[in-house]
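J.: My questions all concern the structure below.
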Amino acid sequence: VRVKPSGAAALGLRMLLSLLYTLGVALAPLPLRRSRTALPRMCDQSSLSQPAQADAADAADALALHRRLKLRSEVEDEFGRALKEGLEVCAHSLRLYGPARVVTSFNGGKDAVAILHLMRAALAAHSEAAGGPRERLRVIFFEQRDEFPEVDAFVRDAVERYDLELCTYSDGFAAGLESCIAEHGSAAFVLG
């Protein structure tokens, strides 16, 4: 599922970030660590078979976020329509491909942060509707040699805070996507 952001979508994205801030969703990184440790090189394979270990408080938080976003998306204005479309795209990707085959790109930028929270909310609603355990959201990060340490710290902190399954690749975007598909059978990539 691919949606190219228009001017309205870009406006909607800025408004979504503002709404997430207003709702109390943590957008700022946790306090930075002084040491710069490399992100894990690939997904933690043990986490794939243990989705039930995901933190219950985060599941409740993501479900509450979904309810608030859904409520706001019902307002008939430009932002409400953009938010509704964003939630629908995320929900459709999960419905069509299943959580295990959907990967969300997360590079720590503002667009990626908005998409991350939309996907967290959509995944919580999807898991609740399916009646099964909450699955972990898989995110993909393409490492850059000249990446700012603050970006690495922000990504690591978000992975920890939201109990994300992080896949990192340092061999470029196309090669990283190919590797992710080969390793996990990924069928859909959600990009911000």
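The values are calculated or read from the model by the stated rules, or taken from the named source; none is laboratory data. The shown structure was predicted, so the numbers you read here are calculated from the model rather than taken from an experiment. As a convention, Cβ positions derive from the backbone with ideal geometry for all residues, glycine included, and neighbour counts pool all protein chains shown. Protein only, heavy atoms only, side chains kept; ligands, DNA and RNA dropped before computing areas. Shrake-Rupley method; radii C 1.70, N 1.55, O 1.52, S 1.80 Å.
J.: Ranked by accessible surface with a 1.4 Å probe, highest first, in what order do Phe142, Phe148, Phe79 come?
T.: Numbers: Phe142 30, Phe148 135, Phe79 5 Å².
Ranked from most to least accessible, the order is Phe148, Phe142, Phe79.
J.: Set Lys and Arg Cβ to +1 and Asp and Glu Cβ to -1, take the dipole of the range 123-166 about its Cα centre, and tell me which of Val159, Gly131, Phe148 lies farthest positive.
T.: Sorting the options by dipole projection puts first Gly131.
J.: Just read off the accessible area of Glu85 with the full protein assembly in place, 1.4 Å probe, to the nearest 10 Å².
T.: About 90 Å², rounded to the nearest 10.
J.: Given bins 5 angstrom wide, list per bin the percent of all Cα-Cα distances in the range 55-192, short to long.
T.: Here the calculated profile for the range 55-192 is 2, 10, 20, 22, 21, 14, 8, 3, 1.
J.: Suppose accessible area is computed on protein heavy atoms with a 1.4 Å probe; arrange Ile181, Ile140, Ile115 from highest to lowest.
T.: Result, largest first: Ile181, Ile115, Ile140.
J.: Further question: Determine the per residue accessible area of the range 75-192 with all protein chains present and a 1.4 angstrom probe, expressed in square angstrom. Intermediate results must be reported in sequence, preceding the final value.
T.: Details: 5200 Å² over 118 residues.
The answer is 44 Å² per residue.
J.: Is there a quick way to get the dipole size of the range 46-192? I mean about its Cα centre, with the Cβ of Lys and Arg at +1 and of Asp and Glu at -1; what is the value in debye to the nearest 20?
T.: On the way: 16 positive and 24 negative charges, 108 e Å.
Magnitude of the dipole: close to 520 debye.
J.: Follow-up. Taking just the C-alpha trace of the range 74-116, give me its Rg and Dmax in Å.
T.: 12.0, 34
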